[in-house]
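The structure appears right after this line, and notes come after that.
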Amino acid sequence: MIKCKWCGSTNIIKDGTLKTKHWGIKQNYKCKKCNRNFVLDSANNKKHPYHSKFMKKFMKEHHSFKGKTYEEFYGIEKAKQIKEKMSKKKKGRKSWNKNLKGEELKKHYKNGFKGTFKKGEDNINFGRETPTIKGEKHWNWKGGITPENHGIRDSLQIRKWRKKVFERDNYICQICGKRGYCLHAHHIKSFVNFPELRFVLDNGQTLCKECHLTIHTHNN
């Protein structure tokens with residue numbers, strides 16, 4: 001005798017069928033007392049043996065495959081079979097961008113190639129002022145709580161000055177001669193005591209992190 005899973009009533013009628021992944025088509029039942037639908041569980045409420053076997057295998061592979069090649073994980077022979085199977089499956093498929101060049105390829109991008117960069121080129125957004133989202137107009141404005149000194153050191157103007165100093169010195173530390181190694185733009189005359197010289201190119205000097213720290217340690 002079939003009982004309702006929800007209320008335990010035996011006043012049950014058949015109400016169509018449901019298609020399941022592992023069990024195929026199953027009978028759907030409806031309880032006349034609580035008006036709810038349900039499907040009978042498999043014998044002893046056990047999951048399909050294939051399902052549990054598949055999940056164990058999946059979890060094992062999911063947690064142990066990371067960082068390994070197919071050959072390392074499956075072995076050379078099995079890896080070869082898997083790759084051949086994948087190759088056959090993809091055979092005949094055409095890449096959407098195959099043989100597309102120049103203007104034809106640009107049509108598939110709304111903004112052209114603005115998001116792509118070439119070696120040696122500057123970021124297209126570098127040096128752009130954004131007055132519409134600056135200061136009080138910014139969504140994260142908190143009433144001007146950032147100290148003035150910190151604000152100037154992170155400003156666009158100081159970043160431009162730093163870049164000019166590096167380019168003039170060819171990205172070489174002017175004390176030890178290291179090139180391109182964690183470089184700092186040092187103010188020869190103090191940033192705090194000489195505010196009028198903060199953005200003057202001749203007041204800048206390229207130093208590596210260690211040399212910059214040594215200079216300020218001795219000065220103090």
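Laboratory data are not the source of any read-out in this text; all were calculated from the coordinates shown. Fair warning: this is a prediction, and the values are worked out from it, not measured in the lab. Ideal geometry is used to build each Cβ from the backbone, glycine not excepted, and the neighbour counts take in all protein chains shown.
Pairwise Cα separations in segment 158-220 fall into 5 Å bins from 0 onward with the following percentages, short to long: 4, 20, 30, 25, 17, 4.
How much FRET efficiency would the formula 1/(1 + (r/R0)^6) give for HIS138 and LYS107, where r is the Cβ-Cβ distance and R0 is 35 Å, rounded to 0.05? Before the final figure, lay out the partial values.
Values: r = 35 Å, r/R0 = 1.01.
Computed FRET efficiency for HIS138 and LYS107 comes out at 0.50.
Each label was represented as a point 7 Å from its Cα along the Cα-to-Cβ direction; for ILE82 and ARG168 these points are 5.8 nm apart. For segment 136-220, the set of chymotrypsin sites (Phe, Trp or Tyr not before Pro) satisfying both a DSSP loop assignment and a count of at most 10 other C-beta atoms within 10 Å is given as TRP139.
Measuring r between the beta carbons of ARG179 and THR146 and using R0 = 35 Å, the FRET efficiency lands at 0.55. For ARG128 and GLU72, a Förster radius of 41 Å and the Cβ-Cβ distance give a FRET efficiency of 0.30, rounded to the nearest 0.05.
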